[in-house]
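The values are calculated or read from the model by the stated rules, or taken from the named source; none is laboratory data. The shown structure was predicted, so the numbers you read here are calculated from the model rather than taken from an experiment. In this analysis, Cβ positions are derived from the backbone assuming ideal geometry, glycine residues included, and neighbour counts consider all displayed protein chains. Note: areas computed on protein heavy atoms with side chains; ligands, DNA, RNA excluded. Shrake-Rupley method; radii C 1.70, N 1.55, O 1.52, S 1.80 Å.
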Amino acid sequence: MTAQLPLAGFRILSAEQYGAGPYGTMFLAQMGAEVIKIEPPKTGDTARAVGPHYLRKGESLYFQSFNLNKRSLTLDLNTPAGKEILHRLAASSHAMVNNLRGDLPDRIGLTYSQLKGVNPAIICAHLSAYGRDNERARWPGYDYLMQAEAGWLALTGEPDAPPTRAGLSLVDFMTGTIMTIGLLGALVDAQRSGIGRDIDVDLLSAAVHQMSYPAIWYMNEGDVTARVPRSAHPSVTPSQMFRAADGWVFVMAQLPKFWDVLVSRIGHPELAGDPRFVTPADRLSNRGALTDVLDGIFSQQPVAHWIELLAGHMPVSPVYGLDQALDNPYLQTTGMIDTVSHPDREQLRVLANPIRLDGERLPNRAAPLLGADTDAVLAEAGFGADEIAAFREKGVV
């Protein structure tokens, strides 16, 4: 990418770990911000130890998922010297991010009231499980728990199966993204006003917010959305999976016009006149019968046949496994698979950022080794070689 990235020149400090916070700050780093990842000396981010695949001992492939384009600074924030270094860095930074337990930012000194003395314009973004200002502030929490309490599990899976979580940590990813939106909004204002602030986001609030229209339906009409077979849409049909001869195909006739396209292209226009299926309400009332009819049709040919017949004419997709999804040639066409150079693997394959600027994907570089940038960051902050050596000997960095 030849044009300057939009966040070039902005410095973000982040006391982050695992998934949610690092996922959000990775967007900032990929858009050009200098993201300095603050990690505990020796151990680093717990994500570095997450198996089963490693580039070297203590350097996991999992870690690469959330930390591309960042710098790594080891720093013990619980020591007086560590706080001195933090304040030196904060004075020339635009934001301080953390995704620690809700009671820890104030204890460690990561809030706006504690940092505004060295930088009145700094944004302090806090991402926690349950927030910093309520009786759950000290509670540890993870994505799966949020899916459970916010009602996601009860909406997912087959009706006769146990409640089921989403296959990925979507609450983590959404909360990290929401935190980044809040941070950028506050950063724009701070550039105008010179005054920073605290930004708070928590996993449970983000998970509840994603309940969206089922939440509005329940709060206003008492309508409790239930699970529907075949991962179907709760109120529109056919909009679900159907059995093909060699797998599953997901068909979405979300609009009446797509129902007409469907019955025509699969060679069964008579279904449009079937009294059970004439209107959307008829099709919803007879969802089970319609599923049986369409299963009988789709099961006669493989998935590829139906995709070729319907793709581009109505919403349709094959139901892929993980390997099929990532080996999909379309991802090469769109540039969603990238390659970066890592000290332990010259051609490390990673996912590209979904954002494109002027038609180009954002540039990537490998996530840093633990503490790879410590000496450089401290030197840039004005610490001499002897001071850095002393910090290292005392375990501060």
Checklist line | Subset of region 259-305 (residues that are under 33 Å from the mean Cα position of the chain (by Cα) and open to solvent by less than 40 Å² (accessible area, probe 1.4 Å)) | finding: VAL303
Check: Can you name every residue in region 178-208 that is among the β-branched types (Val, Ile, Thr) and open to solvent by 50 Å² or more (accessible area, probe 1.4 Å)?
Finding: ILE178, ILE181, VAL188, ILE195, VAL208
Item checked: Yes/no for TYR18 being out of contact with any Lys or Arg (no Cβ under 8 Å at 6 or more places or on another chain), touching a residue at least 12 places away in the same chain (Cβ under 8 Å) and in a helix (DSSP H, G or I) -> no
Checklist line | strands (runs of 3 or more DSSP E) completely within region 290-354 that count 1 or more residues being closer than 19 Å to PHE66 by Cα | finding: 337-342, 345-351
Notebook entry, point to check: What helices (runs of 4 or more DSSP H) completely inside region 200-269 contain at least 1 residues that are more than 30 Å from ALA137 (Cα to Cα) and not aromatic (Phe, Trp, Tyr)?
Noted result: 212-221, 256-265
Checklist line | Lone unmet requirement of (1) at negative phi; (2) of a type outside the set (Lys, Arg); (3) touching a strand residue (DSSP E or B) at 6+ places or on another chain (Cβ under 9 Å) for ASN69 | finding: (1)
Note to self: Taking the criterion of being among the acidic types (Asp, Glu) and either open to solvent by less than 70 Å² (accessible area, probe 1.4 Å) or farther than 12 Å from VAL249 by Cβ (or both), would at least one residue in region 306-314 satisfy it?
What the structure shows: no
Notebook entry, point to check: For region 82-98, does any single residue satisfy the condition of being under 22 Å from ARG365 (Cβ atoms), in a loop (DSSP other than H, G, I, E, B) and in the same structural domain as ILE123 (by the TED database)?
Noted result: yes
Checklist line | Positions within region 35-59 being surrounded by 15 or more Cβ atoms within 10 Å (Cβ to Cβ), more than 24 Å from LEU110 (Cα to Cα) and out of contact with any Asp or Glu (no Cβ under 6 Å at 6 or more places or on another chain), in sequence order | finding: ALA49, VAL50, TYR54, GLU59
Margin query: Taking the condition of being open to solvent by 50 Å² or more (accessible area, probe 1.4 Å), assigned by the TED database to the domain that holds LEU115 and of a type in the set (Ser, Thr, Tyr), how many residues in region 1-34 meet it?
Written below: 2
Notebook entry, point to check: On the given criteria, is SER92 of a type in the set (Gly, Ala, Ser), touching a residue at least 24 places away in the same chain (Cβ under 8 Å), out of contact with any His (no Cβ under 8 Å at 6 or more places or on another chain) and open to solvent by 10 Å² or more (accessible area, probe 1.4 Å)?
Noted result: yes
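Yes/no per residue for (1) outside the structural domain of VAL35 (by the TED database); (2) touching a strand residue (DSSP E or B) at 6+ places or on another chain (Cβ under 9 Å); (3) farther than 28 Å from ALA33 by Cα; (4) among the hydrophobic types (A, V, I, L, M, F, W, C):
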position: ALA148; (1), (2), (3), (4): no, no, yes, yes
position: GLU158; (1), (2), (3), (4): no, no, yes, no
position: ASP172; (1), (2), (3), (4): no, no, no, no
position: VAL201; (1), (2), (3), (4): no, yes, no, yes
position: ALA232; (1), (2), (3), (4): yes, yes, yes, yes
Item checked: GLU360 open to solvent by 40 Å² or more (accessible area, probe 1.4 Å), without any contact (Cβ under 8 Å) to a residue 12 or more places away in the chain and not hydrophobic (A, V, I, L, M, F, W, C) -> no
Check: Among the residues of region 100-147, which ones are assigned to a helix (DSSP H, G or I), under 17 Å from GLN17 (Cα atoms) and open to solvent by less than 60 Å² (accessible area, probe 1.4 Å)?
Finding: LEU104, PRO105, ILE108, ASP143
Next item on the list: Please work out if THR164 is hydroxyl-bearing (Ser, Thr, Tyr), touching a Ser or Thr at 6+ places or on another chain (Cβ under 8 Å), at pLDDT 95 or above and surrounded by fewer than 17 Cβ atoms within 10 Å (Cβ to Cβ).
Entry: yes
Next item on the list: For ARG349, indicate whether it is open to solvent by 50 Å² or more (accessible area, probe 1.4 Å), of a type in the set (Lys, Arg) and free of Cβ contacts under 8 Å to residues at least 60 places away in the same chain.
Entry: yes
Item checked: Pairs where the first residue, in region 364-385, is of a type in the set (S, T, N, Q) and the second is part of a loop (DSSP other than H, G, I, E, B), C-beta under 9 Å, 6+ apart -> ASN364/LEU68; ASN364/ASN69; ASN364/ALA352; ASN364/ASN353; THR374/PRO41; THR374/LEU75; THR374/VAL397
